[in-house]
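This report refers to the structure that appears directly beneath it.
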Amino acid sequence: MEKHYDAVGTVDSGGPKLEGVRGKIRAKVKPKVIFCIILFVALTKRLKFLHKHYPYKIRELARSWDSKMLWTFVFSRGTRVFMDQNCVMKDPPTFQPLIKTRPEWQFTEADIRTFYRDGFIGPITLWTPEEMVEIRRKVDSVMERPSKVYPTAQNQYRDRYIDAPEFWEVISMPQLNERLAQLLGPDLLVWRSQIFNKKSGDPEITWHQASTYMAEQRIKATLEPKNLSELFQLTTWIAIDDAYYENGCMHFLKGTHRKMWSMQKGGSGYIGNPPELAKIIGGQGRFAKASGLTLEVPITADMIVPMPLKSGQCVIFTERCIHGSPPNNSPNRRFGFVFRTIKTSVQVYREESIHEVTYLREKYDLNNWGCALLRGEDKYHLNRMIKPPVYQQPELATSSAR
């Protein structure tokens, strides 16, 4: 069964349950302690001169949670919480592409206006079926090798752009990064990648969104941009095999990227009586089961946009746009991979040597992690950097980068 490591709450936390009197007391007391801490931070939020004296976790909580997030939690008595940092997404000053490129890769002003209206753009055809034969072989081969990035982690498919030249070869192709630069600007870093091998019988990926990936540690933002309200990150989902409804292609709730939505404790994973497809994706799946949280979004039929992709196509989207996918009810896998791109002005993993993803109970040693320069120049020097991986034998490099 596939483990969906980069979707908020989509893997059951697992681990042994506390037993006995001590465990019951801890389970009863812990929510009260958390509530008192968040209430304290809410009351002292504006007293910034005090923050430097707080313990590390409380200091980071005061830094990452704004007043709306804090008081939403407090006034609901801990039953409502934001999925990520509270922010809005504003339109840019102009919808003109931020760079000029080859005509076949150039977005129009209408394309970019549509992206900002919906939160995604695609399908985009990158390679022919013939080219995909070799790309598929190479990407498949990465799955057979243990990770040098996180050798002790459960997730061996995360951030393989760091140690797998097959990944970097695909990510760095100009038909990809030239499109990203039109939306983000000329200077770009890759900070995360992930293989998604959704096997036959695997369940849904329930509705979720992200901005700064604060949900990973809950108290601290993973990404720290100069301005939360601007577009600072994009995700590119590349179909290695065909992705269609029966094997669980992605679906978006268009327009939901304009703000970060809250979640409520309890419920069925959706509110009201949305269309059946919305229930399938957001219903009694692992998101609701694992976290007991329901995303507070009133979903209507016109919001749901399926994104079937042919092998060699991709979709570019902001993670702020709520997305998910139905179960794989076909005999075929749904295989693809994503990489995530940021402006060079965004800081990643500030002051972290170990990155903990709380809902997975997984810790990632960042000793081998680093951003890779995808395009342009890094003028800010905020992040640890790595040199992109190269083939040991030059003849292994594909000729598909055109």
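Quick rundown of the values:
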| quantity | calculated |
| --- | --- |
| Those residues of the stretch 158-192 which are in contact with a Phe, Trp or Tyr (Cβ under 6 Å, 6 or more places away or on another chain) and either under 17 Å from residue 390 (Cα atoms) or without any contact (Cβ under 8 Å) to a residue 12 or more places away in the chain (or both), in sequence order | 160, 161, 165, 167, 168, 171, 190 |
| Qualifying residue in the stretch 183-190 (condition: at pLDDT below 95 and of a type outside the set (Val, Ile, Thr)) | no |
| Residue match in the stretch 321-338 (condition: charged (D, E, K, R) and over 14 Å from residue 241 (Cβ atoms)) | no |
| Selection status of residue 141, among the small types (Gly, Ala, Ser) and assigned to a helix (DSSP H, G or I) | yes |
| Output for the stretch 52-99, where each listed residue is assigned to a helix (DSSP H, G or I), farther than 15 Å from residue 260 by Cα and not small (Gly, Ala, Ser) | 56, 57, 58, 59, 60, 61, 63, 71, 74, 75 |
| Among the residues listed as 143, 83, the single one being at pLDDT below 95 and within 20 Å of residue 319 (Cα to Cα) | 83 |
| Lone qualifier among 102, 77 - being modelled with pLDDT under 95, farther than 24 Å from residue 222 by Cα and not hydroxyl-bearing (Ser, Thr, Tyr) | 77 |
| Some residue of the stretch 334-351 being polar (S, T, N, Q) and free of Cβ contacts under 8 Å to residues at least 40 places away in the same chain | no |
| Test: residue in the stretch 100-120 that is among the basic types (Lys, Arg), free of Cβ contacts under 8 Å to residues at least 12 places away in the same chain, assigned to a loop (DSSP other than H, G, I, E, B) and under 28 Å from residue 373 (Cβ atoms) | yes |
| Residue in the stretch 138-150 that is charged (D, E, K, R), closer than 16 Å to residue 173 by Cβ and surrounded by fewer than 17 Cβ atoms within 10 Å (Cβ to Cβ) present | no |
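The values are calculated or read from the model by the stated rules, or taken from the named source; none is laboratory data. Quantities reported herein were computed from a predicted structural model and do not represent experimental measurements. Cβ atoms come from the backbone with ideal geometry, glycine included; neighbour counts cover every protein chain shown.
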